[in-house]
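Accompanying notes for the structure given below.
None of the figures in this text is laboratory data; all of them are computed from the coordinates on show. Just so it is clear, the structure is predicted and the values come from calculations on it, not from any experiment. When we count neighbours, we look across all protein chains shown, and the Cβ atoms used for this are built from the backbone with ideal geometry, even at glycine.
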Amino acid sequence: MPIDHVLKLYSETIQSPYLHYGFWDHPESVDLDKVTLQEIKDAQNRYIEHLASFIPEDVKSILDVGCGIGGNADYLQKIGYLVEALSPDEFQKSVIAEKFDGAMTFHHCKFEKFNPLNEYDLILESESACYIKIDHGFEKARETLKSDGYLLVSDYFVYFRDGTKNPHLKSSHDKEKYLNSAIAHGFELIREFDQTENTMPTLDYGKYFIDRFINPAMEYGIYSSKKNYPKTAAIIEKIIAPKIESKLNQLELIDSDQFRKYRQYMIYLFQKKDV
Ligand SMILES: C[S@@+](CC[C@H](N)C(=O)[O-])C[C@H]1O[C@@H](n2cnc3c(N)ncnc32)[C@H](O)[C@@H]1O
């Protein structure tokens with residue numbers, strides 16, 4: 001199955017075992033000028049520590065759906081859970097195989113296509129719920145969980161639409177639709193937590209880094225190529241200008257004020273109920 005090259009890029013640049021936003025305990029006191037790569041990795045560790053605090057006491061087995069490069073699964077296995085991992089991504093499959101050297105059962109498929117041979121106490125969807133079609137996801141979760149099992153979801157949801165084409169309105173589920181589908185599929189919401197503010201410093205740092213380093217470096221590159229190779233630069237500019245425009249629109253995705261306007265980064269703990 002294909003490779004998600006954006007996620008691969010994150011894993012190769014940040015070089016942490018996670019592909020999520022991280023969790024900042026004191027977001028109001030983060031000074032972007034002083035943030036280090038290590039602090040971003042620490043925030044990512046805190047994210048799974050905090051998320052794991054939502055796992056009910058009677059849980060032993062966990063299926064980590066959309067496991068990325070295995071950081072969450074590794075953490076959960078080390079604190080004593082029986083963990084299996086699932087992802088459709090070829091690159092992530094190879095990372096998991098190497099990292100765990102066979103000590104992690106891995107299912108290489110989309111969750112919607114998963115054929116469960118076991119029943120699990122809890123399904124974890126950490127920043128993967130948004131990739132899975134809402135109704136299919138709940139149907140498959142019902143099939144995969146023991147009775148009274150749990151679905152722990154940590155992801156961003158759209159709570160406000162204003163009819164614009166803002167990129168925050170794409171690639172996320174509508175919060176209300178998601179919660180209604182949970183009810184329709186026999187899942188009861190037993191805990192929730194809004195971690196929007198705790199996740200925003202990672203976005204702010206991404207924007208800070210692009211504004212401070214990437215944009216000036218690109219400007220210098222464009223200036224230098226126009227000066228030294230004016231004809232070639234003009235041809236290239238004509239070809240890539242429309243693409244650059246659409247990429248620049250995507251940068252709104254790392255604008256935390258835009259995020260707050262449209263999205264909430266929620267933790268939901270659902271329990272499967274008999275219907
Ligand atoms: C943003 S990453 C999150 C990775 C990891 N859970 C974490 O918190 O670091 C999204 C994950 O969802 C996976 N994914 C995408 N579509 C999926 C699907 N249909 N079923 C299951 N996983 C999917 C991606 O391959 C990736 O592993």
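For the chain, find the longest principal axis of its Cα atoms and tell me its angle to the long axis of helix 215-228, 0 to 90°, nearest 10.
That helix lies at roughly 40 degrees to the long axis.
Filter the cross-link list K175/K261; K8/K177; K177/K272 down to pairs whose alpha-carbon distance in this structure exceeds 25 Å.
K8/K177
Pick from R260, R191, R46: which residue has the top mean-square fluctuation in a GNM of the chain where Cα pairs under 10 Å get a spring?
Its mean-square fluctuation being the largest, the pick is R191.
Using Cβ counts within 10 Å as a stand-in for footprinting exposure, how do I55, I244 rank, fewest first?
I244, I55
Listing F138, F270 from the residue with the fewest other Cβ atoms within 10 Å to the one with the most, what is the order?
Going from sparsest to densest Cβ surroundings: F138, F270.
Could you give the length gained on full extension between K227 and N45, defined as 0.36 nm per residue of separation minus the Cα-Cα distance, in nm?
Contour length minus Cα-Cα distance gives 60.9 nm.
What is the pair-distance distribution P(r) of segment 200-254, computed from all Cα-Cα distances in 5 Å bins starting at 0, with each bin given as a whole percent?
Calculated P(r), rounded to whole percents: 4, 17, 20, 23, 16, 10, 6, 3, 0.
Could you give the radius of gyration (one decimal) and Dmax (whole number) of the Cα atoms in the chain, in Å?
Spelled out, the Cα radius of gyration and Dmax of the chain are 20.5, 71 Å.
What is the Cα centroid distance between segment 27-52 and segment 81-134, reported in whole angstrom?
When both Cα centres are located, 25 Å separates them.
What is the local net charge at D155, summed over the other residues whose Cβ is closer than 11 Å to its Cβ (Lys, Arg +1; Asp, Glu -1)?
0
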